[in-house]
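Colleague: Take a look at this one; I'll ask things after.
The values are calculated or read from the model by the stated rules, or taken from the named source; none is laboratory data. Keep in mind it's a predicted model, so treat the numbers as computed, not measured. Using ideal geometry, Cβ is built from the backbone for each residue, glycine included, and neighbour counts are taken over all protein chains shown.
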Amino acid sequence: MNVSVRKVSDVKLTSEYLRKGTDVSKLKKSLQSVGLIHPVTVNASNELLAGARRLQAVRELGWEEIPVHVAEGDERVQELMSIDENMVRTALTTMEIEKYLNRGRELYESLNPDANKVRVSVGSLSAEERLEQKVMDAADEDSFAAVTAEKTGLSRSVIQSAINRDEFASHAVKDARNAGELNATKTNEIIRLDLNIQEDVLPLIADKTVKETRRIVAAALEGGLEAAIEASEQVVPLPREYSQMLSPMKRVNKSISRILVEELCYEGPEKQKINNELISLKNNLLQYFRMVGIDEE
């Protein structure tokens, strides 16, 4: 890429991947101290491809000119360059990451037709297919997933799942995720359905656990919307307080069992605090047993 100087006022912020309006106070101090070490990147039309924070800092400092790298050639390369810059250097929302990864995959595979392709599919793999995929992944060094994993530190499986969520989620599902109503795990389930049924199934899983969501989606795959509704109606909702107890209870029971088997005694400074918590737990358990009609014996 060629390096030249452009008027700051001539640089255009048109790329959707650029991060705008961020805090650049520290960057401004650095520019005042040592100057702009890394020029921003623009194309022949002065459209900024990479370096939005640097440009913002320069503008706020009142600079009239800025050093630039001028990218030439294929527009796909320029767009991929902008995605790559922002994937690596800025904090993105989950939805932005998924969108950028999927678009980056499309551009990369278009520019590198001989590279290994990312498996874009939500269908279940057989045991034999999973083993084959594992062997292929181990040998893969040039796919978009492999290259991006090296750059970002994200695992290939995370990249794969993110691409699938962006590729197969309906607008309604994406809106629900943006609103914080749907997490990634439940999204991985609902995108197994056709786009035309995702919006109808979405309300059925809104207040359901991941396990319940899997059951409802499986019913929809087998029998359509009516089967999904029936499966949803058969779910007995698990109160949040109960679901929050499961993992801690397993850990506490496991620890107590080990203490009893090993006859492990503790006489340190935390002994009384531990005993007080156990007494409180015992009293609460006794009240719970009476409430639900369990024989304490």
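Colleague: Let me confirm something: among SER110, SER82, SER126, which residue is in contact (Cβ under 8 Å) with a residue 60 or more places away in the chain and among the polar types (S, T, N, Q)? Spell out how you get there, then give the answer.
Modeller: Working: SER110 fails: in contact (Cβ under 8 Å) with a residue 60 or more places away in the chain; SER126 fails: in contact (Cβ under 8 Å) with a residue 60 or more places away in the chain.
Testing whether each residue is in contact (Cβ under 8 Å) with a residue 60 or more places away in the chain and among the polar types (S, T, N, Q) leaves just SER82.
Colleague: Run down GLY35, GLY21 and say which single residue is among the small types (Gly, Ala, Ser) and modelled with pLDDT under 85. Give the derivation first.
Modeller: Working: GLY35 fails: modelled with pLDDT under 85.
After ruling out the rest, the residue left standing is GLY21.
Colleague: Okay, next question. Scan SER82, SER121, SER155 and give me the residue that is modelled with pLDDT under 90, within 24 Å of ALA184 (Cβ to Cβ), touching a Phe, Trp or Tyr at 6+ places or on another chain (Cβ under 9 Å) and polar (S, T, N, Q). Explain how you work it out, then say what you get.
Modeller: Numbers: SER82 fails: within 24 Å of ALA184 (Cβ to Cβ); SER155 fails: touching a Phe, Trp or Tyr at 6+ places or on another chain (Cβ under 9 Å).
Answer to the selection: SER121.
Colleague: Can you tell me which residue among ASP74, ASP23 is of a type in the set (Asp, Glu), surrounded by fewer than 20 Cβ atoms within 10 Å (Cβ to Cβ) and within 28 Å of ASP166 (Cα to Cα)? Write out each step before concluding.
Modeller: Working: ASP23 fails: within 28 Å of ASP166 (Cα to Cα).
Testing whether each residue is of a type in the set (Asp, Glu), surrounded by fewer than 20 Cβ atoms within 10 Å (Cβ to Cβ) and within 28 Å of ASP166 (Cα to Cα) leaves just ASP74.
Colleague: Select from segment 11-37 the residues that are over 17 Å from VAL68 (Cβ atoms) and within 26 Å of the chain's Cα centre (by Cα) and list them in ascending order.
Modeller: Listed by number, the residues that qualify are GLU16, TYR17, ARG19, LYS20, GLY21, THR22, ASP23, VAL24.
Colleague: Turning to a different aspect of this structure: Would you be able to say whether some residue in segment 49-57 is at pLDDT 90 or above and not hydrophobic (A, V, I, L, M, F, W, C)?
Modeller: yes
Colleague: Let me ask something else about it. Is it true that some residue in segment 116-135 is closer than 24 Å to GLU85 by Cα and among the aliphatic types (A, V, I, L, M)?
Modeller: So far as segment 116-135 goes, yes, one or more of its residues are closer than 24 Å to GLU85 by Cα and among the aliphatic types (A, V, I, L, M).
Colleague: Looking at segment 120-147, which of its residues are part of a loop (DSSP other than H, G, I, E, B), in contact with a helix residue (DSSP H, G or I) (Cβ under 7 Å, 6 or more places away or on another chain) and either of a type in the set (A, V, I, L, M) or within 30 Å of ALA218 (Cα to Cα) (or both)? First the steps, then the outcome.
Modeller: Step one: filter segment 120-147 for residues part of a loop (DSSP other than H, G, I, E, B), giving 120-126, 140-143.
Then keep just the ones that are in contact with a helix residue (DSSP H, G or I) (Cβ under 7 Å, 6 or more places away or on another chain); that gives 120, 122, 125, 140.
The answer is VAL120, VAL122, LEU125.
Colleague: Further question on the same structure: How many of the residues in segment 33-68 are free of Cβ contacts under 8 Å to residues at least 24 places away in the same chain, among the β-branched types (Val, Ile, Thr) and closer than 20 Å to ASP84 by Cβ?
Modeller: Let us first name the residues in segment 33-68 that are free of Cβ contacts under 8 Å to residues at least 24 places away in the same chain, namely 33-35, 37-38, 62.
Narrowing further to those that are among the β-branched types (Val, Ile, Thr): 34, 37.
Filter once more, so that each one left must be closer than 20 Å to ASP84 by Cβ: 37.
Going through segment 33-68 one residue at a time, the tally reaches 1.
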